[in-house]
Amino acid sequence: MAESYKQSGVDIHAGYEAVERMKKHVDRTMRKEVLGGLGSFGAAFDLSQLNMKQPVLVSGTDGVGTKLRLAIDADQHDTIGIDAVAMCVNDILTTGAMPLYFLDYLALNKVDPVIVEQIVKGVAEGCVQSECALIGGETAEMGDMYHTGDYDIAGFAVGAVEKANYIDGSNITEGDVILGLASSGIHSNGYSLVRKIIKDNQLDLTAEFADGKTLLDTVLEPTRIYVKAAKAVLAHAKVNGMCHVTGGGFIENIPRVFPEGVYPEIDVTAIPKLPIFDLLQDKGQIDAKEMYNIFNMGIGFIFIVNASEVAKIQSVMQSQFNEQIYTIGRVVAGEEDIVITGV
């Protein structure tokens, strides 16, 4: 049967090898609540061990988008899995939910066990950073659906939060302060435009760009995962709202968490600019305000808090992570969606 299947373009033995190679990476992510381990038809997680009174499950799913094209063309596959995890867990984190487990879906033209291992290694690293278990997944070899060497990856994350601690932005009020944590770079949004700018300007991806990194290293820098930072903040301060700055940048994402009657006013002069965004704006001839409608512009995660909580959060970030958290705006009464100053 295996030989017949191989003639159709599917190598079962390569699939078996890929599974064996990924096991050691999956093992790094295990939690005591996982039942049965890897290999069951269904992945099981024992919620009763969380010792939560009224657990609310929060789920999210996402992919990596056309950032994959750069990774595939560069034959660098070991960090793209971090992006897949980050895009899911950072979203569910905005409700106060801590990630519990993650599942991935990997579809390829042909299973190359070495490449699959590298991809899953990245997924496992993302799960370790998120303190969640890589509880299951699917690897599908579909030669007729993908060009040689191509693949796609998507993920699905589940987290939990006590019902009493669920955050939906409804407590945001006039006078609240907007705080932002730095991004690691472009993260995983806007890459159709990024790739167009690279192509149109014939940019050399191997050239040194900034901080000792090449341009390729910079554009493939994995999405930052904010789980540990948010967990520490929530343990020490009351947070009224949180936002993951993804596709649509500031203009689309930040207003999503605001109730009616108030809006965010953002002062971008308080945000340190990353060189990659200056390059993209210059080479792409993009209007400055439009940049904030596409990219995260250096801020990947936002907390909206009462002014009395700011000092606590600053102290937590400095003492536990040696990191500055930026005061980037305030909450204003009115019916605007968002106002951005300093552009």
Exercise for review: Could you work out the Rg to Rh ratio of the chain, with Rh taken as the Kirkwood radius (inverse of the mean 1/r over all Cα pairs)?
Suggested key: 0.99
Exercise for review: Equivalent ellipsoid semi-axes for region 198-343, as square roots of 5 times the alpha carbon gyration tensor eigenvalues: give them largest first, rounded to whole Å.
Suggested key: 29, 21, 12
Review point. What does the accessible area per residue of the chain come to in Å², with a 1.4 Å probe and no ligands, DNA or RNA counted?
Key: 47 Å²
Study note, to complete from the structure: Cα extents of region 245-284 along the principal axes, largest first, in whole Å, come to 38, 21, 12
Check your understanding: How fast does region 265-316 diffuse by Stokes-Einstein, in µm²/s, taking the Kirkwood radius from C-alpha pairs at 37 °C and 0.692 mPa s?
Key -> 253 µm²/s
Point to revise | Cα centroid separation - region 196-222 against region 35-111, whole Å | key: 27 Å
**Study point:** Charge-dipole axis of region 100-256 as Lys and Arg at +1 and Asp and Glu at -1 on Cβ define it, positive-most pick from Gly155, Asn165, His187
**Key:** Asn165
**Study point:** 222 nm mean residue ellipticity, helices alone, for the chain (DSSP H n ≥ 4; -39,500 (n - 2.57); rounded to 500)
**Key:** -10000 deg cm²/dmol
Check your understanding: Of all the accessible heavy-atom surface of the chain, with the other protein chains kept in place and a 1.4 Å probe, what percent is carbon and sulfur?
Key -> 48 percent
Point to revise | Among Asp287, Asp62, Asp176, residue whose mean-square fluctuation peaks in a GNM of the chain (springs only between Cα atoms under 10 Å) | key: Asp287
Exercise for review: Distance check, please: which entries in Lys121/Lys283; Lys196/Lys231; Lys228/Lys273; Lys110/Lys231; Lys163/Lys312; Lys196/Lys228 exceed 31 angstrom between their Cα atoms?
Suggested key: Lys121/Lys283; Lys196/Lys231; Lys110/Lys231; Lys196/Lys228
Review point. In square nanometres, what is the average projected area of the Cα convex hull of region 92-174?
Key: 7.6 nm²
Practice item. Please give the direction-averaged projected area of the C-alpha convex hull for region 117-275, in square nanometres with one decimal. Key: 13.4 nm²
Practice item. Would you mind finding the longest exposed-site-free stretch of the chain, with exposed GluC sites (Glu not before Pro) meaning DSSP loop and at most 10 other Cβ atoms within 10 Å? Key: 1-259
Point to revise | region 159-241: translational diffusion in µm²/s, Stokes-Einstein, Kirkwood Rh over Cα pairs, 4 °C, 1.567 mPa s | key: 80 µm²/s
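The values are calculated or read from the model by the stated rules, or taken from the named source; none is laboratory data. Quick caveat: nothing in here was measured; it's all calculated off a predicted structure. Glycine also receives a Cβ, built like all others from the backbone with ideal geometry; neighbour counts cover every protein chain displayed. Heads up: the accessible areas ignore ligands, DNA and RNA and are worked out on the full protein's heavy atoms, side chains in. Shrake-Rupley method; radii C 1.70, N 1.55, O 1.52, S 1.80 Å.
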